[in-house]
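Everything on this sheet refers to the single structure shown next.
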DNA sequence: TACTTGACAAAAG
DNA sequence: CCTTTTGCCAAGT
């Protein structure tokens, strides 16, 4: 893959996340072959503002299902969007995260 | 070209 | 179980 646009790669995967599902930064990073760049995934999310089509960054959480970036998204918006997709969020954490978890390396890998 | 930063992750104390 | 430390990589300055 051409990682000239590392961010773009991340955005593409994030857009592929099924509605009502969530994934982790590390999972995306691992799918891209750069497990160590899990931080970059989140960093990329920070730059997702204003891009087209919109990136469902609200479906991306940390490894424990914690909405680590809800404050960056717009405090409250993230939970609202997740709730709209049927995802239960309690104390900034996705409930039943383990079942809702969508691993691109497994679901998307061919 | 070098140093700093970051919406993370896993291990150790 | 909670806090602290280390690793990791890319982008910005």
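Having 2 or more residues that are closer than 22 Å to residue A:108 by Cβ is the bar; report the helices (runs of 4 or more DSSP H) wholly within segment A:1-93 that clear it.
Output list reads A:6-15, A:25-31, A:38-46, A:77-84.
Residue under question is residue A:44, and the condition is that it be farther than 15 Å from residue A:101 by Cβ, within 13 Å of DNA strand B (Cβ to nearest atom) and modelled with pLDDT of 90 or more; does it hold?
The answer is yes for residue A:44.
Which of the residues spanning segment A:34-58 are near DNA strand C (Cβ under 9 Å from one of its atoms) and out of contact with any helix residue (DSSP H, G or I) (no Cβ under 8 Å at 6 or more places or on another chain)?
A:43
Being closer than 21 Å to residue A:8 by Cα, more than 16 Å from DNA strand C (Cβ to nearest atom) and either without any contact (Cβ under 8 Å) to a residue 60 or more places away in the chain or under 14 Å from the mean Cα position of the chain (by Cα) (or both), is that true of even one residue in segment A:79-96? Steps first, answer last, please.
First, the residues of segment A:79-96 that are closer than 21 Å to residue A:8 by Cα: none.
So far as segment A:79-96 goes, no, none of its residues is closer than 21 Å to residue A:8 by Cα, more than 16 Å from DNA strand C (Cβ to nearest atom) and either without any contact (Cβ under 8 Å) to a residue 60 or more places away in the chain or under 14 Å from the mean Cα position of the chain (by Cα) (or both).
Given the residues A:7, A:31, which is the only one that is touching a helix residue (DSSP H, G or I) at 6+ places or on another chain (Cβ under 6 Å), within 14 Å of DNA strand C (Cβ to nearest atom), farther than 13 Å from residue A:101 by Cα and touching a residue at least 60 places away in the same chain (Cβ under 8 Å)?
A:31
When both residues are 6+ apart or on different chains and their Cβ atoms are under 9 Å apart, which pairs have a first residue that lies in segment A:52-65 and is free of Cβ contacts under 8 Å to residues at least 24 places away in the same chain and on the phi < 0 side of the Ramachandran plot, and a second that is assigned to a helix (DSSP H, G or I) and more than 9 Å from DNA strand B (Cβ to nearest atom)?
The qualifying pairs are A:54/A:15.
Of all residues in segment A:53-67, how many are in contact with a strand residue (DSSP E or B) (Cβ under 8 Å, 6 or more places away or on another chain) and surrounded by 19 or more Cβ atoms within 10 Å (Cβ to Cβ)?
From segment A:53-67, those in contact with a strand residue (DSSP E or B) (Cβ under 8 Å, 6 or more places away or on another chain) are A:59-67; that's our starting set.
Checking the rest, the ones that are also surrounded by 19 or more Cβ atoms within 10 Å (Cβ to Cβ) come to A:59-61, A:65, A:67.
Of the residues in segment A:53-67, 5 are in contact with a strand residue (DSSP E or B) (Cβ under 8 Å, 6 or more places away or on another chain) and surrounded by 19 or more Cβ atoms within 10 Å (Cβ to Cβ).
The values are calculated or read from the model by the stated rules, or taken from the named source; none is laboratory data. Model, not experiment: these values are computed from the prediction. Cβ: placed from backbone, ideal geometry, glycine included. Neighbour counts: every protein chain shown.
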